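Any read-out appearing in this document is the output of simple, stated calculations on the displayed coordinates, not a laboratory observation. Owing to the predicted nature of the structure, the values given are computational and were not obtained by experimental measurement. Here Cβ is always computed from backbone atoms with ideal geometry, including for glycine, and neighbour counts include all displayed protein chains.
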Number of protein chains: 2
Amino acid sequence: MFESAEIGHSIDKDTFEAEVPALREALLEAQYELKQQSRFPVIVLINGVEGAGKGETVKLLNEWMDPRLIDVLTFDQQTDEELARPPAWRYWRALPPKGRMGVFFGNWYSQMIQGRVHGQFKDAVLDQAIAGAERLEQMLCDEGALVLKFWFHLSKKQMKARLKALRDDPLHSWRISPLDWQQSQTYDRFVRFGERVLRRTSRDFAPWHVIEGSDPYYRSLAVGRILLEGMQAALAVEPKGKSKSNVAPLGRSIDDLNLIGALDMTLRLEKKDYQEQLVTEQARLAGLLRHKHMRRHALVAVFEGNDAAGKGGAIRRVAAALDPRQYRIVPIAAPTEEERAQPYLWRFWRHIPALGKFTIFDRSWYGRVLVERVEGFCSPADWMRAYSEINDFEEQLSNAGVVVVKFWLAIDRQTQLERFEEREQIPFKRYKITEEDWRNRDKWDVYTEAVGDMVDRTSTEIAPWTLVEANDKRWARVKVLRTINDALEAAFAKHKK
Amino acid sequence: MFESAEIGHSIDKDTFEAEVPALREALLEAQYELKQQSRFPVIVLINGVEGAGKGETVKLLNEWMDPRLIDVLTFDQQTDEELARPPAWRYWRALPPKGRMGVFFGNWYSQMIQGRVHGQFKDAVLDQAIAGAERLEQMLCDEGALVLKFWFHLSKKQMKARLKALRDDPLHSWRISPLDWQQSQTYDRFVRFGERVLRRTSRDFAPWHVIEGSDPYYRSLAVGRILLEGMQAALAVEPKGKSKSNVAPLGRSIDDLNLIGALDMTLRLEKKDYQEQLVTEQARLAGLLRHKHMRRHALVAVFEGNDAAGKGGAIRRVAAALDPRQYRIVPIAAPTEEERAQPYLWRFWRHIPALGKFTIFDRSWYGRVLVERVEGFCSPADWMRAYSEINDFEEQLSNAGVVVVKFWLAIDRQTQLERFEEREQIPFKRYKITEEDWRNRDKWDVYTEAVGDMVDRTSTEIAPWTLVEANDKRWARVKVLRTINDALEAAFAKHKK
């Protein structure tokens, strides 16, 4: 895999200088066209052997191109903020929006290779990391991103010679970090595990490009050309929906039985019971969030449900138990311009709570498989793949200690009608009801089907759905609070074992 | 994930009997249309809880449909033949050809879930198996297959009740195997790890369908409908190339340096040296293949090269060392009709040697990224994804103990010209040279580029390419033999550690 990057590629100075002007111009043009179309981002990953010119090349690209449209990002030690969240959070927050280019140094690959080289884990764990990277990149590409991966390579001999030359040059010896010398010790392992990673993650949608790093003219021109060709090819693609062949439909229900229909909608609480239980559960939540184990967890509560099912009221009863500094409520409406320029999960990743914190999502990423599906805001291929993307997302949360509770507040059609009518009567509630609510009501059956598929495909052992019988608001509120409390207690209980 | 398959779905007998005739007719029609188009195979995976009616449902499908177009396959204990080959071999040999349906019981999922349930390995290894299954299914779908995955489910209570009912019924008690009782003990673990597998492998291209198994009418109708809808949707798709967006080109060489060009084509052996070394290496090979460690390995040698580079002669010198029962030579020409009805790697999987054996491929799976790429026999998306599919394939071989050696026999243009002309002069060699050879010669540069990409992307630590300077046939033959011997010795040496 690295053979042809060890044969001494080089370009003479004259050729280089003759080629660069046209290349620069074409790169700039592609960059502006990218900005103009704002249809996809370009993500450039920079990896490889120390001393192979990674930094210099990126520096040069910034000189050649318009640096205002490039974000160069280094990922070294995780910050406190990053350590308090799932590992991928740092990459999500740094994703370039559509129309821009992000250059990622020290990305997900660096971490997994270094970890394996230094024996922090074995091949099986490396392979889990590899599978995670594949899924992330697949998702990015499905969302339209152009992902270009460069591996800068030097043979062992070349690397040693280069480190030696730098050391002997007083003007450049400062460039060598202790890490570089360390890597010269671990070269063989680094290249061996690097090759494993490249072999597995070089996929048609995001192949690796191995660049011999010893000659600056060669490596700069090589990277510049690949970048240019990649951008030109992607810019030339017709912006249309992808045709996935043989995507099988999910299958319709063949009887009248479904989870929503199976709910006992007569469940209710008397006022006195409600008031007692509400106070009890609120006190329990307040206690749990102050529990020392909470430092190792975060809490995410997702509220979805029929229109007028009482999400707002339920959320208020949860919040009422807490100090406002402990939680955050994130209402999800139409995405902002900035959010539309990113993969659809981006706007939820940005609100993931740090350890110890609690975030309430009033509607959520499930919009993709609910309203976006039903209203045709995205293609069937897009919402079909969303189920597994969401499961991956929630798995990452769960692995990082985030307790994920998801509520579907269900009311029946008659109750909804009564509440709609009531809202139209009461002046201060009138803002709550719109034409759209009435239109959605006409789509009751398709929404019900979408909810069924959603629960079937995303209710998992790590992040189960809780269906809440919400015809009676009291019953619903207490059930929500109790479910959150039970989930937190279960998570805390694992620490005692 | 299993909630809605635990709520007691059932269909009454009258409804069932009223629905079945139309469903049967539509299924039969879809089956014949599938056969007619012969554009893709249907692969049905059957998994789930014991006692949930997996067997009965498949039996019924066979009654409803034309069983001549369905292959039902059970994978229980591996046979000796299967144990001597990579684990996936048993599935490859059983793949249904285009136009037919294969129903796989006890498939790759059964194995990984059982292994995890019984503690044979931990989550990280399970995740490796999951990633392998994903890659296999992605490849099958990219090759056009319709993959339908059914998980037959019962709640714990339902399963126990069903086993009890069977036991108490003298007519049916024989149906319960010791395994069934065992599974009732391990139900919780089985469902937990099953859910992990389903969550990870339910992808847009091959989603899982969870079927509640307690009511025979319900489960039969549910499976029949999903099967029908899946087939109808796939049959309706226009048979066209898939448009993958943002597939970046691999990048052109920017200098004149490449691995082929870097070969020292003047390398040669004098006749006397040749004869000595040839005999030595042949004896070495004969000894190695009789070595006791060979029982834990197999050997695959791939020969590719320029036309007239001397592949045949080199292969004969390898074979000359051996007892004909020890090796098999597989010449790869245009695929047969049977082979064209399968994924392109199928015709190589069928020839993978058992442990202890040696297979020589005279041309190989690399045709995909050489002739098929250059001549446009497959789309760019197809050969671009082939690199990683081939790497996956060779990794499976390597993991199973197969030593893979790959040779590119390189000659320069002038030498090829001389050999072509010589062949045209000599009557018994004339059959070796065709119009096509001359045409290929005109495409020298594009072939060279394809060879470069091939080596860059598939020369791996587990299956490296050896470039052979073949202007001198003697040099080439000895280098080939010596490389094979060195590779075998290196593999055997690992056992001593």
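Ranking request for peptides A:390-397, B:287-294: highest mean number of other beta-carbon atoms within 10 Å first, then the rest in descending order.
Put in order of decreasing packing, that is A:390-397, B:287-294.
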Between the modelled labels at A:Val20 and B:Arg441 (7 Å from Cα along Cα→Cβ) the distance in nm is 4.4 nm
In this structure, the FRET efficiency calculated for B:Gln425 and A:Arg192 from their beta-carbon separation, with R0 = 51 Å, to the nearest 0.05, is 0.55
Nearest-0.05 FRET efficiency for A:Arg340 and A:Glu276 at R0 = 60 Å, using Cβ-Cβ distance, is 0.80
Here the FRET efficiency for B:Asp323 versus B:Ala493, based on Cβ atoms and R0 = 35 Å and rounded to 0.05, is 0.90
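Take every Cα pair under 8 Å in chain B that's 6+ residues apart, average their separations, divide by the length, and report that relative contact order as a whole percent. Please list the in-between numbers first.
Values: 680 pairs, mean separation 93.8, N = 497.
19 percent.
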With label points set 7 Å from each Cα along the Cα-to-Cβ direction at A:Asp66 and A:Arg93, the distance between them in nm comes to 2.8 nm
Flagged as over-length at 24 Å C-alpha distance, from A:Lys494/B:Lys122; A:Lys122/B:Lys479; B:Lys311/B:Lys443, the pairs are A:Lys122/B:Lys479
Restricting to lysines and to Cα separations under 28 Å from A:Lys98, and discarding same-chain partners fewer than 8 apart, the set is A:Lys35, A:Lys54, A:Lys59, A:Lys149, A:Lys240, A:Lys242, A:Lys244, B:Lys242, B:Lys244
If amide H atoms are modeled at 1.01 Å from N in the peptide plane, then the residues at a separation of 5 or more from A:Val72, or on another chain, having amide H under 5 Å from its own are A:Val103
Per residue, the convex hull enclosing the alpha carbons of region B:370-482 has a volume in Å³ of 132 Å³
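Taking the DSSP beta bridges in the protein assembly as shown as the whole, what percent of them are antiparallel, to the nearest 5?
0 percent
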Karplus-derived 3J(HN,Hα) from phi for region A:86-91 (6.51 cos²θ - 1.76 cosθ + 1.60, θ = phi - 60°), whole Hz, x at Gly and Pro, runs x, x, 6, 4, 4, 7
Taking the label point 7 Å from Cα along the Cα-Cβ vector, the copy-to-copy distances for A:Ala124, listed from shortest in nm with one decimal, are 0.7
Full extension between B:Asn399 and B:Ala333 adds, at 0.36 nm per residue less the Cα distance, a length in nm of 21.0 nm
Once phi for every residue in region B:109-124 is put through the Karplus expression 6.51 cos²θ - 1.76 cosθ + 1.60 (θ = phi - 60°), the whole-Hz ³J(HN,Hα) values, with Gly and Pro written as x, are 6, 4, 4, 5, 5, 4, x, 6, 4, 8, x, 5, 7, 9, 4, 4
Taking the label point 7 Å from Cα along the Cα-Cβ vector, the copy-to-copy distances for A:Lys164, listed from shortest in nm with one decimal, are 8.0
The answer for B:Ala298, listing residues at least 5 apart or on another chain whose modeled amide H is closer than 5 Å to its amide H, is B:Gly356, B:Val402, B:Val403
For A:Gly48, the residues 5 or more places away or on another chain with a placed amide H closer than 5 Å to its own amide H are A:Phe152
Using the Cα gyration tensor of the protein assembly as shown, the equivalent ellipsoid's semi-axes, largest first and to the nearest Å, work out to 53, 37, 26
Quotient of Cα radius of gyration and Kirkwood radius for region B:25-167, i.e. Rg/Rh, equals 0.99
Cβ density ranking, 10 Å radius, fewest first, applied to B:Val223, A:Val72 yields A:Val72, B:Val223
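Given a cut-off of under 8 Å on Cα pairs at least six residues apart, what relative contact order in percent is computed for region B:260-391?
It comes to 29 percent, rounded to a whole number.
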For peptide A:101-112, the mean count of other chain Cβ atoms within 10 Å per residue Cβ is 0
Sequence order, region B:463-474: Karplus ³J(HN,Hα) from phi using 6.51 cos²θ - 1.76 cosθ + 1.60, θ = phi - 60°, Hz rounded, Gly and Pro as x, gives 8, x, 7, 10, 8, 10, 6, 10, 4, 9, 4, 5
Compactness summary of region A:254-411: radius of gyration and Dmax from Cα atoms, Å, are 17.3, 50
Sorted shortest first, the nm distances from the A:Asp66 label point (7 Å along Cα→Cβ) to its counterparts in the other copies are 6.2
Both in Å, the radius of gyration and Dmax of the C-alpha trace of chain B are 26.8, 88
